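**Student:** I'd like to ask some things about the structure below.
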Amino acid sequence: MKFFLLLSLIGFCWAQYNPHTQSGRTSIVHLFEWRWVDIAKECERYLAPKGFGGVQVSPPNENIVISNPSRPWWERYQPISYKICTRSGNEDEFKDMVKRCNNVGVRIYVDAVINHMCGAGGGAGTSSTCGTYYNANNRDFPGVSYSANHFNDGKCNGEINNYNDANQVIDLGGEAIKSSEYFGNGRVTEFKYGAKLGTVIRKWSGEKMAYLKNWGEGWGFVPSDRALVFVDNHDNQRGHGAGGSSILTFWDARMYKMAVGFMLAHPYGFTRVMSSYRWTRKFQNGKDVNDWIGPPNKNGVTKEVTINADTTCGNDWVCEHRWRQIRNMVAFRNVVNGQPFSNWWDNGSNQVAFGRGNKGFIVFNNDDKALSKTLQTGLPAGTYCDVISGDKINGKCTGTKVSVGSDGKAQFSISNSAEDPFIAIHAESKL
């Protein structure tokens, strides 16, 4: 059923760890491949005012420069040192970003590449984002003082030939350093990378990092009021649109917005939304090579994220987090935080609705027919502004209004061909 497909698009939710966001902020955004200077500006001008709790940043460690294909997104996951020196910026810019974002209550979450270096196919030389020498085939990475003695050759040095093979992907192919005195059994004797980022001053072991292996993915949060660390196996991301957002079709876009809306309305876990960049279909020798696409750039230099007069992004950046439907659902989640899941309804197919206590209610129509139904919202009587179709501005609604009766019930009508076939109301959208 289509609705179950919608659920499969929800993405990652994290229930195990305290994310240490500022009180009342319940979601973060992954500003994929953004420059540090642009993230600092976005924290101040948009993320903090709109109630975002944090930003996941792309790996800030030095990586090899890949020319064939030209500067793909995944070169960020080919580390050769722990220097903070990438196409997103340098160490001073990184520190400034962390300081400025935290000053407005927006935390920085680092996508940390640990327990592996670049693959054997990376070659040798100084073709890296900061010019540090490396010899991948010989397992020689003097930038972090790693040599062949630190690697577990014969077990984790094979290449990944099939990204649909879970065993190959989990083992990380030619990039893994899974065991030794330095990397044995998930232990990291000294998390130098974290210390360099300013996230920790003392040593951390893998156990303290709370690194989890779950189909190769894990999340670890360092309890700090500065940068936090996000640990993930990037090979699981391949084939899942990790390289950005295409020019979405009408149906793709509305499905994406509904999926994110469901995730943000549901009480499970800690939510992250994606914000990416624009690319068009590219083929080489008849093969779709979209997976190669790196961030918008001019001669290899990542473009500035510019802001248009209508608050959308320019310079080929998509900025889904600025879409009304998504940023208003981030606010919805903040409003209903701590409220129970309630008042579930469905038509046995792909029309569903549910509430969050007496603070919020959402209705989806992902069916092949129109929805027209009176539903129990659990909200106090009054007129509410639907935050999907519009905004509450100066006590008035720019979108659809929903009238809730004294019994908590309201009539909902949603066309199956609507641009956004869902409605959301909450306590702070009451007129």
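**Student:** With unit charges on the beta carbon (Lys/Arg positive, Asp/Glu negative), name the residue among 348, 404, 311 whose Cα is farthest towards the positive pole of the charge dipole of the range 285-419.
**Tutor:** 404
**Student:** Also, quick follow-up: Taking amide H atoms as placed 1.01 Å from N in the peptide plane, list the residues 5 or more away in sequence, or in a different chain, whose amide H sits under 5 Å from that of residue 314.
**Tutor:** 306, 307, 308
**Student:** Moving to a separate point now. As an exercise, identify the trypsin sites (Lys or Arg not before Pro) in the range 69-118 lying in DSSP coil whose Cβ has no more than 15 other Cβ atoms within 10 Å.
**Tutor:** Passing sites in the range 69-118 do not exist.
Just so you know, all these numbers are worked out from the coordinates, no wet-lab data involved. All figures in this text were calculated on a predicted structure; none of them were measured in a lab. Neighbour counts are summed over all protein chains in view; Cβ atoms, including those assigned to glycine, are modelled from backbone coordinates with ideal geometry.
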